Amino acid sequence: MLLVHAKGGPPLGHVLSRTAARAEVHLLALSALPPAVAGSARRLCASVVTPADEHRPDLVSLIVARAEAVGADAVLTFSEYAVVAVAEACEALGLKGAGSAAALARDKRLMRRTWRQHGLPQPEFRPVDTEADLHAAARALPGPLLLKAAWSAGSTAHRIIRSPHEVPAAWARSRAVMAESAQLGYAELHVAEADAHYVVEQIVTGTASGWFDEPGWGDYVSVEGVVTDGTFRPVCLSGRMPTVEPFTERASITPALLPEDAQDRIVDLARRAVDALGLRDCGTHTEIKLGADGRMWLIETAARFGGAMTVPQIEEVFGLDLVGMLVDHLLGRPAAWPERALTPARARGAAGSLVVLAVDGRGRAWPDRRLWDFRAVSADVPLSRGSRLSVVAESSLADGEVVPVYDPAAGANTMAALCLLSATDARTVLRDFETVVDALPRVLPAAQPQEVSA
């Protein structure tokens, strides 16, 4: 197995351990290995190669050459930014992969055009390539509007446009954030000029009321699944806490506490969305906005498993090693995928991941700067009986580092840490996360002026 690593996706440590349990792993690292897993990566992998930038003008050729050099029987990535390159490499090698349609699950313009051709529910939209395009779209579409970079991930470069006079500032800021993200390694690695492509869409009114039995849930869910030999196989649903403006994700919770009939309707829409894209062999992650009176709108589908801790959450709650199962499938071995999406009744407890941002439960900025210190959080934040909170070291600042100021345009780029919480049920995860969010600006140590300036 040639595993192509880049920024984003599930934690590399989790991916490597599960892949190495099923195959000889050769790692092609397009991004630097997180220090927390660098040692284990060299222990678990038969080879680790980090190509110099000047030696990879053609990423697909680089992947193909490395796959041929190690005799790879399969090539896999879990990073949004490498999905298209790996899919094209698999096509060239004659190996199983997402297929030639992978770009439809990356480029939000192509994705939305495809769904429109299939009559699927989604917000009204316009592709935009210039500020003039954005002005024209702002006149044509009912507001408010959301400007997105077509190849972005993690809610980066999102800007809300409430009136036409906000167009110039939104366009300039979104483009600047894409440039900043590229410097951090959070950018498409294969498609030329991907940072110049944008889409603007109508912001539809979502609501969790009528879908969930208790308050506190966000108004969208994700359907986690896989496509094998062109057949979509849903695995489960994950719920959310409300996003932070504009639409930055704060927490994912598995399972989503939905009635079975509601889950069935959501899964059916996800199936139609994935089928329309024509994917072949890959993980999938489909986000769906929930509205009043049972309305739904497609947000996006990815040709890879959900990022952050979605995959570890599913393994803990439902006992499914999605990474290992996909590895088996790509290598031609049988994998026992669920016959239908698993419901909360099948769950063994619940798990959730929390993105630590410097905003309170209402999305307001903290009044002062704080240092990240997981020891203080674990010692001073009261959790429910039986709940366990841990930090994902490779996705978090080291203790003692200054928590970044939350930047709405930069989204997840300004997160301080990623935490995993295990509890007896999903309601408890939600309530404990609310407790943690409220407590963070109180229990984290205050940053001194010299620490902030440094």
- Note on the structure: So for segment 288-344, using the alpha carbon gyration tensor with a ≥ b ≥ c as root eigenvalues (a/c under 1.5 gives rounded; past that, a/b versus b/c decides prolate or oblate), I'd call it prolate
- Surrounding net charge for Lys96, when Lys and Arg each add one and Asp and Glu each subtract one, Cβ distance under 11 Å: -3
- Query: So what is the 222 nm mean residue ellipticity for the chain from helices alone, if each DSSP H run of at least 4 adds -39500 (n - 2.57) and you divide by all residues, rounding to the nearest 500 deg cm²/dmol?
  - Reply: -10000 deg cm²/dmol
- Task: Take every Cα pair under 8 Å in the chain that's 6+ residues apart, average their separations, divide by the length, and report that relative contact order as a whole percent.
- Result: 16 percent
- Spatial separation of Cα centroids for segment 111-180 and segment 202-253, in angstrom: 21 Å
- Item | Placed amide H near Ala251: partners under 5 Å, 5+ positions off or other chain | Met241, Val355
- Item | Tensor-based shape of segment 156-304 (alpha-carbon gyration tensor, a/c under 1.5 rounded, otherwise prolate or oblate) | oblate
- Label the chain by shape, choosing from rounded, prolate and oblate, from the square roots a ≥ b ≥ c of the eigenvalues of the Cα gyration tensor; if a/c is under 1.5 it is rounded, and otherwise prolate applies when a/b is larger than b/c, oblate when it is not. rounded
- Message: Sequence gap at least 6, Cα distance under 8 Å: using those rules, report the relative contact order of segment 124-202 to the nearest whole percent.
- Response: 44 percent
- Task: Among the listed pairs Lys96/Lys289; Lys7/Lys289; Lys7/Lys96; Lys7/Lys108, give every one whose C-alpha distance is greater than 21 Å.
- Result: Lys96/Lys289; Lys7/Lys289; Lys7/Lys96
- Which three semi-axes in whole Å describe the equivalent ellipsoid of segment 12-154, each the square root of 5 times a Cα gyration tensor eigenvalue, listed largest first? 37, 17, 15
- Assuming a viscosity of 1.567 mPa s and a temperature of 4 °C, what translational diffusion coefficient in µm² per second does Stokes-Einstein assign to segment 94-193, Rh being the Kirkwood radius over Cα pairs? 87 µm²/s
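Laboratory data are not the source of any read-out in this text; all were calculated from the coordinates shown. Predicted, not measured: the structure shown is a model, and the values here were computed from it. Virtual Cβ from ideal backbone geometry, glycine too; neighbours counted across all protein chains shown.
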